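The values are calculated or read from the model by the stated rules, or taken from the named source; none is laboratory data. Bear in mind that the values here come from a model prediction, so they are computed numbers and not experimental data. Here the Cβ is made from the backbone with ideal geometry for all residues, glycine too, and neighbour counts use every protein chain on show. Ligands, DNA and RNA are excluded from the accessible area calculation, which covers all protein heavy atoms including side chains. Shrake-Rupley method; radii C 1.70, N 1.55, O 1.52, S 1.80 Å.
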Amino acid sequence: MDIDLSPKLAKKLYGGDGGSYHAWCPNELPMLKQGNIGAGKLFLAKNGLALPRYSDSAKVAYVLQGNGVAGIVLPEKEEKVLAIKTGDAIALPFGVVTWWYNKEDTELQILFLGDTKTAHKPGSFTDFFLTGSNGIFTGFSMEFVCRAWDVDESTAKALVGNQKDNGIVKVDAGAKMPEPNKDHRNGMALNCLDAPLDVDIKGGGRVVVLNTKNLPLVGEVGLGADLVRLDGNAMCSPGFSCDSALQVTYIVRGSGRAQVVGVDGKRVLETTVQAGNLFIVPRFFVVSKISDNDGLEWFSIITTPNPIFTHMAGRTSAWKALSPEVLQASFNVTPEVEKTFRSKRMNSEIFFAPTK
């Protein structure tokens, strides 16, 4: 498989005083197009409002930084107004209308990863704005606007003509905005920093997995996700998704090294990863990471709502399940070497703390 897997940074597409939107380009990260995956980031300054929109793709949103408010309208349902904060994951099924608002001094940063198999452009999200300079009002004639929304021409002109900004606006400081409803978070969002840990290995790392049990909407999205926090100088066991899923990984913070091995035992990627990088592991390829001194944290989506992984090292690895005779013959080693190999990592799984 001859394709560029090196990590990439997002590029700004639009923005102004209220904030900006950035995305990864399939031409620079070819695995986006090949895997039908889209990725983008929203940055909102204080009083920044990301205007109501819907997308041609199902997504998972992850709050990288800050506190804010999200408005979500599922098809033929009432608006849900959620308080969101760092660590929140939100499943956004196909066809939902969303808006995002930041009333705090700290910049609100939200990551979007999703499936573009229904998109106009493979590997890219296309948003359709309800308002703004490129909103749906602007495309219809005055006659259609007046008749569809039952307004007079002066009102129609105000609705269309007052929309100056594209995608993101800055709301007046004194403007009243919707207040979050704490009940609206139920079933809509899961905070990965507060959720029960699925894996917790001292000196190694921790994992929270999003699936249909703790966030049922991921079933509608068709994607699973996880947040992995690797301690300083720890290692993540080499492993692969054994249900043909792609792994799309965004580095939230920290830095480290990553290696990916593909067909014919060929190492197809050896690189340094750091905060802001996005990279994609092809189906069935084996990936492993080692963090630097300050640790490494990443958020990933997996292109199935309930992913299954096979790890190649540690107590639960595939090696431990194979018969000693098969391993000895396969490696062409003595029984002593096979016994030594099998005896290692008997008390470790998935994450390996640094050796002392």
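Just a few scattered comments:
- Dipole magnitude (debye, nearest 20) for segment 162-298, charges at Cβ of Lys, Arg, Asp, Glu: 140 debye
- Here each label is just a point 7 Å from Cα along the line to Cβ, and for ALA175 and LEU74 those points are 2.8 nm apart.
- Ordering GLY68, ALA91, PHE140 by the projection of their Cα atoms onto the charge dipole of segment 62-153, which places +1 on the Cβ of Lys and Arg and -1 on the Cβ of Asp and Glu, puts ALA91 at the extreme positive end.
- Heavy atoms of ASP264: accessible area, 1.4 Å probe, square angstrom to 10: 150 Å²
- Restriction of the trypsin sites (Lys or Arg not before Pro) in segment 1-78 to DSSP coil positions whose beta-carbon has at most 10 other beta-carbons within 10 angstrom yields LYS77.
- Length released on extending from TYR14 to LEU130, taking residue separation times 0.36 nm less the Cα-Cα span: 40.1 nm
- Contact order relative to length of segment 35-113, as percent, for alpha carbon pairs under 8 angstrom and 6 or more apart: 50 percent
- Set of lysines with alpha-carbon distance to LYS344 below 20 Å, sequence-local pairs under 8 removed: LYS202, LYS289, LYS320, LYS356
- Calculated from backbone phi, Karplus (6.51, -1.76, 1.60) coupling profile of segment 63-73 in Hz, x at Gly/Pro: 7, 7, 7, x, 10, x, 10, 10, x, 10, 10
- The order of ASP183, ASP17, ASP4 by accessible area, most exposed first and with a 1.4 Å probe, is ASP17, ASP183, ASP4.
- Residues whose placed amide H lies under 5 Å from that of ILE37, excluding near-sequence neighbours: THR116, GLY123
- Between amide H atoms placed 1.01 Å from N, distances below 5 Å from ILE84 occur with GLY68, VAL69, ALA70, all of them 5 or more places distant or on a separate chain.
- A value for P(r) over Cα pairs in 20 Å bins from 0, in percent was derived from the coordinates, and within the list (i) 28, 58, 13, 1; (ii) 27, 52, 17, 3, 0; (iii) 32, 59, 9, 0 it appears as (ii).
- Counting only DSSP H runs of at least 4 residues, each contributing -39500 (n - 2.57), and dividing by the residue count of the chain, the helix-based mean residue ellipticity at 222 nm comes to -3500 deg cm²/dmol.
- Radius of gyration and Dmax over the Cα atoms of segment 176-284, both given in Å: 16.7, 60
- Extension gain, ALA158 back to THR118 (0.36 nm per residue minus Cα-Cα distance, nm): 11.0 nm
- Applying a threshold of 19 Å to the alpha-carbon distances of LYS85/LYS182; LYS103/LYS170; LYS117/LYS266; LYS46/LYS77; LYS103/LYS176; LYS80/LYS176 flags LYS117/LYS266; LYS46/LYS77 as lying beyond it.
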